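The values are calculated or read from the model by the stated rules, or taken from the named source; none is laboratory data. In this text, all values refer to a predicted model and were calculated from it rather than measured experimentally. We place every Cβ from the backbone using ideal geometry, glycine too, and count neighbours over all the protein chains shown. We work out accessible area using only protein heavy atoms, side chains counted, and drop any ligands, DNA or RNA first. Shrake-Rupley method; radii C 1.70, N 1.55, O 1.52, S 1.80 Å.
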Amino acid sequence: LIGYSELANEQAAQLKELAVGNTSSTPEQFTVVNDHAYFITIINFRRALWKTDGTEAGTVMLKDSIITTAESGRFMIRGHINDTLYYTVNTSGQSDTTTEIWITTGGQPQLLTTVTSSPLAGISSGEPRQYAFAGGKMYFQMFTAQHGYELWVCDGTAAGTKMVIDLCPGSNGSFAAEGAQDIPMVEYKGKLYFRGNSTPIGGELYVTDGTAAGTMLVKPTMQNDADPYSLTVFNNELYYVADDGGQEGLWKTDGTAAGTVFVGAYGFNNGFVFNNAMYFPVAGTLWKTDGTAAGTAVVKDSVGLVIGAYN
């Protein structure tokens, strides 16, 4: 593990040898919670959870031998709610339909609960994906044979880890099984916004507070299949790209139907916020917007693929 010290002529130096000898510890998935950074190591396929306060003495292992498979993605830090870190463990990969949800506040991790998905026609185990946090809850999408891919929530308890709503009744599911329609979910004003289907063919913008009664369509569209994507929070509004059957391009919402309006005919992926503006690429051209049609303009043509920005 490499540390950085301003007192040592701004040089990087080894903070602590986590794997003795020539073996690499491969530290990754760094997640900051309060004044500690959590991360995992992979030593001979064995995963372990660590935390550090930036000192050698304060760099300690919390749990060893979490998983011992070479398959990637079996142990993942998902995020945190206040001072509680959430991570998941799936021990065997595609043949395993159980996913453990673990939590820690800096001490010995505790198993919160285990959720069970269904095998998905040899593509994957249908295990949870697209984790997101909103309003003090953790959300994810999971596949079961009875309901398909639906939205689940974890409120920090075993009893409160459950499917939110069967938005698309039956085995079709409200989320696409795999591929391009796998749109990330985002927090906005303490609630979760996501692309969901109430029928097998319709993709619309939904919002939820983690309850069935609090899950609803933000605004009906003309063709009932707006296919919203590139959800980006900017200037206290949520922006997204969608097709309302005549108004295809950039939309924004304040969370109400009346406050959901069309900005302009700009389609893109991977919008990002930087220096009080939202930037987005369109066919190799970089654009920016202040949230109005008049304030949307080209920054530079032929810039290639935009992948993000550093503050």
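Taking the condition at pLDDT below 90, among the polar types (S, T, N, Q) and surrounded by fewer than 17 Cβ atoms within 10 Å (Cβ to Cβ), does residue 146 pass? The answer is no for residue 146. Here residue 101 fulfils each of the conditions (1) in contact with an Asp or Glu (Cβ under 9 Å, 6 or more places away or on another chain); (2) within 30 Å of residue 18 (Cα to Cα) apart from (1). Within region 208-228, does at least one residue satisfy the condition of being among the polar types (S, T, N, Q), surrounded by fewer than 16 Cβ atoms within 10 Å (Cβ to Cβ), modelled with pLDDT of 90 or more and under 30 Å from residue 169 (Cβ atoms)? The answer is yes, given that some residue of region 208-228 is among the polar types (S, T, N, Q), surrounded by fewer than 16 Cβ atoms within 10 Å (Cβ to Cβ), modelled with pLDDT of 90 or more and under 30 Å from residue 169 (Cβ atoms).
Taking the numbered list (1) at pLDDT 90 or above; (2) part of a loop (DSSP other than H, G, I, E, B); (3) within 22 Å of the chain's Cα centre (by Cα); (4) among the hydroxyl-bearing types (Ser, Thr, Tyr) in turn, residue 118 passes all entries but (1).
Within the option set 57, 12, 37, being at pLDDT 85 or above and open to solvent by 30 Å² or more (accessible area, probe 1.4 Å) holds for one residue only, 57.
The residue that is nearest to residue 260 (Cα to Cα), among those in region 273-303 that are over 26 Å from the mean Cα position of the chain (by Cα) and part of a strand (DSSP E or B), is 296. Restricting the search to region 18-61, which residues are farther than 17 Å from residue 105 by Cα, assigned to a strand (DSSP E or B) and over 23 Å from the mean Cα position of the chain (by Cα)? Once the filter is applied, which keeps residues that are farther than 17 Å from residue 105 by Cα, assigned to a strand (DSSP E or B) and over 23 Å from the mean Cα position of the chain (by Cα), region 18-61 yields 43, 46.
Of all residue pairs spaced 6 or more apart or on separate chains, none has beta-carbon atoms under 9 Å together with a first member in region 53-73 that is within 14 Å of residue 96 (Cβ to Cβ) and a second member that is assigned to a loop (DSSP other than H, G, I, E, B) and of a type in the set (A, V, I, L, M). Quick one: is residue 100 part of a strand (DSSP E or B), among the acidic types (Asp, Glu) and without any contact (Cβ under 8 Å) to a residue 60 or more places away in the chain? Answer is yes for this residue.
Apart from one condition, residue 196 fits all of (1) buried (at least 16 other Cβ atoms within 10 Å of the Cβ); (2) more than 20 Å from residue 136 (Cα to Cα); (3) at pLDDT 90 or above; (4) out of contact with any Leu (no Cβ under 8 Å at 6 or more places or on another chain); the exception is (4). When 82, 44 are screened for being more than 27 Å from residue 157 (Cβ to Cβ) and touching a residue at least 12 places away in the same chain (Cβ under 8 Å), only 44 passes.
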